[in-house]
Amino acid sequence: WNLSKAAGLLIGAAAAWQLSGLSPTEVAATPLIIFFSGALAICAMILPGVSGSFILLMLGMYSQVLGAIKSLDFVTMGIFGAGCVIGLLSFSRVLNWLLKHYHEMTMAVLTGRMLGSLNKVWPWKQTLSYRVNSKGEQVPLLQENLSPAAFADLTGQEPQVMAATGLMLLAILLVLGLEWVALRGKKIKD
């Protein structure tokens, strides 16, 4: 680690934090917008810390794409699919090039993206607005993070800080354990 890699980590974290807090927008579902929505959303398959569905929600394209699938609108699905293919092929090459030429900096930025996206999984939230999902159920759309104490005051529910901390530590131990098993397996092969 050095100053530039630490800056890359902070930039990645800040970008993911901002992305996870964006408000949804509405855009016209033109063929070009549908194509680029597919190209952007598919990047989530190879980028940590971001969800393709979330990107579609933020672009205002989630319901259009889901509607096209439900109504078997093959033209819209084809345009979206073409965007996915082009986006995946293009971005995977860019990411591959970055990893070959700037591996440590790329990993620092990607690690920052994962850290910044933790904003979205913070367990204590206040829902500001809702949307209707594909099953007709009302689900949270915009949420605001709260401290555990503020959550308890607002909802009257116990924030269960010890349980959340315990599960976080368990997840860390699980990842470290898997890494240990992988390294041990590699040593056995060698």
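Send over a whole-number figure in Å² for the accessible area per residue of the range 6-160, probe 1.4 Å.
Spelled out: the 1.4 Å probe surface of the range 6-160, per residue, equals 60 Å².
If DNA, RNA and ligands are ignored and the probe is 1.4 Å, what is the ranking of Lys186, Lys125, Lys120, Lys135 by accessible area, most exposed first?
So, going from the largest accessible area down, we get Lys135, Lys186, Lys120, Lys125.
Keeping all protein chains in position, work out how much accessible area Leu40 exposes to a 1.4 Å probe, and write it in Å² to the nearest 10.
In the full protein context, Leu40 sits at about 90 Å².
Could you order Met162, Met114 so the one with the most accessible surface comes first? Probe is 1.4 Å.
Result, largest first: Met162, Met114.
Using a 1.4 Å probe on the protein chains only, how many percent of the accessible area of the range 61-186 belongs to carbon and sulfur? Intermediate results must be reported in sequence, preceding the final value.
Details: 5990 of 8830 Å².
Reported share for carbon and sulfur atoms: 68 percent.
Say the dipole of the range 37-189 comes from +1 at the beta carbon of Lys and Arg and -1 at that of Asp and Glu; which of Ser63, Tyr102, Asn145 then lies farthest toward its positive end?
Positive-end residue among those listed: Tyr102.
Treat each spin label as a single point 7 Å out from the Cα along the C-beta direction, and report the Thr155 to Gln143 distance in nm.
0.8
To the nearest 0.05, how large is the calculated FRET efficiency for Glu179 and Ser129 if R₀ is 41 Å and r is the Cβ-Cβ distance?
So the FRET efficiency works out to roughly 0.55.
Given the -39500 (n - 2.57) contribution per DSSP H run of 4+ residues, what per-residue ellipticity at 222 nm results for the chain, rounded to the nearest 500 deg cm²/dmol?
Computed mean residue ellipticity for the chain: -22000 deg cm²/dmol.
With every protein chain present, what accessible area does Ser53 have (1.4 Å probe, heavy atoms only), rounded to the nearest 10 Å²?
60
Hydropathy at least -0.5 by Kyte-Doolittle, axial extent at least 18 angstrom from the Cα trace: which helices of the chain, defined as entire DSSP H runs, fit?
Taking the DSSP H segments of the chain (at least 18 Å long, mean hydropathy at least -0.5), we get 3-20, 74-101, 103-116, 161-189.
The values are calculated or read from the model by the stated rules, or taken from the named source; none is laboratory data. This one's a predicted model, so the numbers in the text were calculated from it and none came from an experiment. Neighbour counts run over all protein chains shown; Cβ positions are idealised from the backbone, glycine included. When the accessible area is computed, the model is the full protein with side chains, heavy atoms only, and any ligands, DNA or RNA have been set aside. Shrake-Rupley method; radii C 1.70, N 1.55, O 1.52, S 1.80 Å.
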